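The next block holds one structure in the form of structure tokens; read it before the comments.
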Amino acid sequence: MNKTPVCTVQKAGLFTTIQDTGRIGYQHLGVPASGAMDMYALQMGNALCGNDLSAAGLELTLMGPALTFHEETVIAVTGGNLQPQVNKEPIPMWATRKVYVGDELAFKGPAHGARAYLCVAGGLEVPMVLGSRSTYTKAGIGGMEGRELEGGDVLYRGTVHDGPRPFERRLPKASVPVYEKQQTLRVVAGPEFDTLTAEAGSRLLREAYVVTQEADRMGIRLEGPEVSFHHTGDIISDGVAFGTVQLASDGQPMILMADRQTTGGYARVLNVISADLSKAAQLQPNASVMFVQVTLEEAQIAFRQLHRSLEDVYFAVKNKKWR
Amino acid sequence: MDIVPIGDQALSVQFENVISPSVNRKVHRLYEALKKEQPAGIRECVPSYRALTVYYDPLQVQYEYLHDLIHHVFLRMDEESEASMNTYYLPVCYGASFGQDIERLASENELSVDEVVELHSSSSYFIYMLGFTPGFPYLGGLDERLHTPRLETPRAKVEAGSVGIADAQTGVYSIDSPGGWNIIGKTPVSLFNAANDEPALLTPGHLLRFEPVEYKEYIEIEKSVNRGEYSIRVEEEGET
């Protein structure tokens, strides 16, 4: 396996982990899927760098790390704008950037959104655990020894497929997502939507909810008008998905995210559609959220469109149509 | 059987809304049948008490197509044969320094500590599913006399291997995690190890029994576990 040291972590940042597109095939054993919270941002970063869409990158949370590079290489920073800088000069997001030996990448702090992704040409190379490089810190598996990064860690990269490296590719503005402080999230009805009273159901889809401090890789707890059930909201423990909106007995919703437990005992009243999960991943505490219902068909059309924009970039880079 | 979406990349195949081994067996039979069929576009399936969650790639397969296909697979499934059940034996050191809540749990239920151990270790528990944390078994069959409410304030850390009771459930913490169960003992055996070919020790659809061991034996087993030499006793149905 080609394994080249690419950079050293000088400062770790608030919560920096290695993530790919997730751990598929072990949820029946109770192993969470994990993977990037904002999958579109990670995959677009990979596409820009000429990597496979599922390559591993760094997920940075609010306060990014400081890294020093050991080789000339191409990077891309995507996702929430944490104000990346190379040698203290701002660099554009959603674009490739060439870095040189000794260059320092650091982040000034969050301007929009909560999580950024650093992709490196060749992808980050760490041992696969249960088919994935994603870090799941609660069980200590994947990524950098199962934990968040620490100062002194050295990151390695895999093989670069991309031939002669381009100086800069910048994503057209139309493909760059906008992360709002007041976010509308499209949802489809969940298996237990009908256990809500009619009034509760329409309230859930009409009122604004506020993101609480409890917003992490496992889930985002919201606070707002209490919603009540015909009988009880609790169910016999059952499967959940990325974006499932559970309603706890206290009537407050929680959006389940990348490190969600595989099963849960609360009513699954809604599900954020895949195309809007990026927006959910970028919510900060105190942001406000409104749910808008769409059909399953509309949800899947939106997902296909999003995926097409990823593939357009991926193939343009692969086929050297974009230098 | 009902099929409903969970978002735009998963669906739930639901059976009767009860906790019972016979309903759970249908879930596992469908799980096995779909594993054999390997329909394109299915990423993975997760069996739970009364439903099978099917995760799929909407770029590869349509919901309606999967809906019909699962119906067909279900109808073609073999008549329920008597599923053969294995019994796993898990060594547990009750009380001592490992079961800090056992005395309180005993007195709350008007039992002696010995009676708690006797009741807990004389039942066979049906393993319905794995979930909550990697390798954690959801067990059915806890004696009513042991039902005990969970702690008011959960502990920040409960060690992997701790055996606990919460309301009508008993279980074993599979990794170090926060938790509010009443801890009555500990097993030296790991329920989950990502480095193993089979990362989870237990398989749903089978039975689990707890075998009381003394502290000294616990330490011996623990050493053997650490050397990678220990495997738990499994009794196949029909053996005595």
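FYI, it's all coordinate maths here, none of it is from the lab. Just so it is clear, the model here is predicted, and its values are computed rather than measured. So basically every Cβ, Gly included, is an ideal-geometry build from the backbone, and we count neighbours across all protein chains shown.
Restricting things to alpha carbons, find the Rg to Rh ratio for chain A using the Kirkwood radius for Rh.
0.98
Rank these for me by crowding, B:Cys45, A:Cys7, going from fewest to most other beta carbons within 10 Å.
B:Cys45, A:Cys7
About its Cα centre, how strong a charge dipole does segment B:87-235 have in debye, to the nearest 20, once Lys and Arg get +1 and Asp and Glu get -1 at the Cβ?
The calculation lands at about 380 debye.
Return the whole-Å distance between the Cα centroid of segment B:1-74 and the Cα centroid of segment A:270-285.
About 25 Å separates the Cα centre of segment B:1-74 from the one of segment A:270-285.
Between B:Lys35 and A:His161, what FRET efficiency comes out of the Förster formula 1/(1 + (r/R0)^6) with R0 = 35 Å and r the beta carbon distance, rounded to 0.05?
0.55
Treat the count of other C-beta atoms within 10 Å as a stand-in for reagent exposure and order A:Lys320, A:Lys279 from fewest to most.
By the 10 Å Cβ count, ascending: A:Lys320, A:Lys279.
Using only the Cα atoms of segment A:4-88, construct the convex hull and provide its projected area averaged over every direction, in square nanometres to one decimal.
6.5 nm²
Which length gain, in nm to one decimal place, applies between A:Gln10 and A:Ala66 when the Cα-Cα distance is subtracted from 0.36 nm times their residue separation?
Using 0.36 nm per residue and subtracting the Cα-Cα distance, I get 19.6 nm.
State the dimensionless ratio Rg/Rh of segment A:181-234 (Rg: radius of gyration of Cα atoms; Rh: Kirkwood radius).
0.97
Provide the descending list of Cα extents for chain B along its principal axes, expressed in whole angstroms.
56, 39, 37
Just add up the charged neighbours of A:Leu247: K/R +1, D/E -1, any other residue whose Cβ is under 13 Å from the Cβ of A:Leu247.
Neighbour charge sum, excluding A:Leu247 itself: -3.
If I take R0 = 45 Å and measure r between the Cβ atoms of B:Ile19 and A:Lys181 in this structure, what FRET efficiency does the formula 1/(1 + (r/R0)^6) give, to the nearest 0.05?
According to the calculation, E is roughly 0.55.
Could you tell me, in Å, what Rg and Dmax come out for the Cα atoms of the protein assembly as shown?
Every Cα atom of the protein assembly as shown included, Rg and Dmax give 24.8, 77 Å.
Can you figure out the FRET efficiency of B:Arg104 with B:Arg145, using R₀ = 22 Å and their beta-carbon distance, to the nearest 0.05?
Efficiency at R0 = 22 Å is approximately 0.90.
Evaluate peptide A:286-298: per residue, the Cβ atoms of other protein chains within 10 Å of its Cβ; return the mean as an integer.
Values: counts 0, 0, 0, 0, 0, 0, 0, 0, 1, 1, 7, 4, 1.
The per-residue average across the peptide is 1.
Would you check chain A for Lys pairs whose C-alpha atoms are within less than 17 Å, ignoring same-chain pairs closer than 8 in sequence, and give me the count?
Details: A:Lys11/A:Lys88; A:Lys11/A:Lys108; A:Lys88/A:Lys98; A:Lys88/A:Lys108; A:Lys173/A:Lys279; A:Lys181/A:Lys279.
So the count works out to 6.
Counting just the Cα atoms, what span does segment B:102-240 cover along each of its three principal axes? Round to the nearest Å and put the largest first.
Result for segment B:102-240: principal-axis Cα extents of 42, 39, 32 Å.
Starting from the Cα coordinates of segment B:2-79, work out the convex hull volume and express it per residue in Å³. Show your work: numbers first, answer last.
Numbers: hull volume 6.1 nm³, N = 78.
Once divided by residue count, the hull of segment B:2-79 is 78 Å³.
What is the Cα centroid distance between segment A:137-209 and segment B:100-139, reported in whole angstrom?
Going from one Cα centre to the other spans 39 Å.
Rounded to the nearest 500 deg cm²/dmol, what is the calculated helix-only ellipticity per residue at 222 nm for the protein assembly as shown, with -39500 (n - 2.57) per DSSP H run of length n ≥ 4?
So the helix-based figure for the protein assembly as shown works out to -5500 deg cm²/dmol.
Distance from the Cα centre of segment B:167-232 to that of segment A:56-104, in angstrom?
44 Å
Pulled fully out, how much extra length does the chain show between B:Asp2 and B:Asn193, if you take 0.36 nm times their separation in residues and subtract their Cα-Cα distance?
65.3 nm
Please give me the summed charge of the neighbours of A:Val6: other residues whose Cβ is under 11 Å from its Cβ, Lys and Arg +1, Asp and Glu -1. The partial results should precede the final answer.
Details: positive: A:Lys3, A:Arg157; negative: A:Glu71, A:Glu72, A:Glu125.
Local charge sum for A:Val6: -1.
Using 0.36 nm per residue of separation minus the Cα-Cα distance, give me the extension gain between B:Gln62 and B:Asp167 in nm, one decimal.
33.7 nm
May I ask you to list the chymotrypsin sites (Phe, Trp or Tyr not before Pro) in segment A:107-174 that are in a DSSP loop and have at most 13 other Cβ atoms within 10 Å of their Cβ?
Working: sites: A:Phe107, A:Tyr117, A:Tyr136, A:Tyr156, A:Phe167; in loops: A:Phe167.
In loop regions of segment A:107-174 (DSSP not H, G, I, E or B), the sparsely surrounded chymotrypsin sites (Phe, Trp or Tyr not before Pro) are A:Phe167.
What Rg and what Dmax come out for segment A:129-276 when only alpha-carbon atoms are used, in angstroms?
19.7, 63
Within 15 Å, Cβ to Cβ, of A:Gln213, how many net charges do the neighbouring residues add up to if Lys/Arg are +1 and Asp/Glu are -1?
Every neighbour counted, the sum reads -1.
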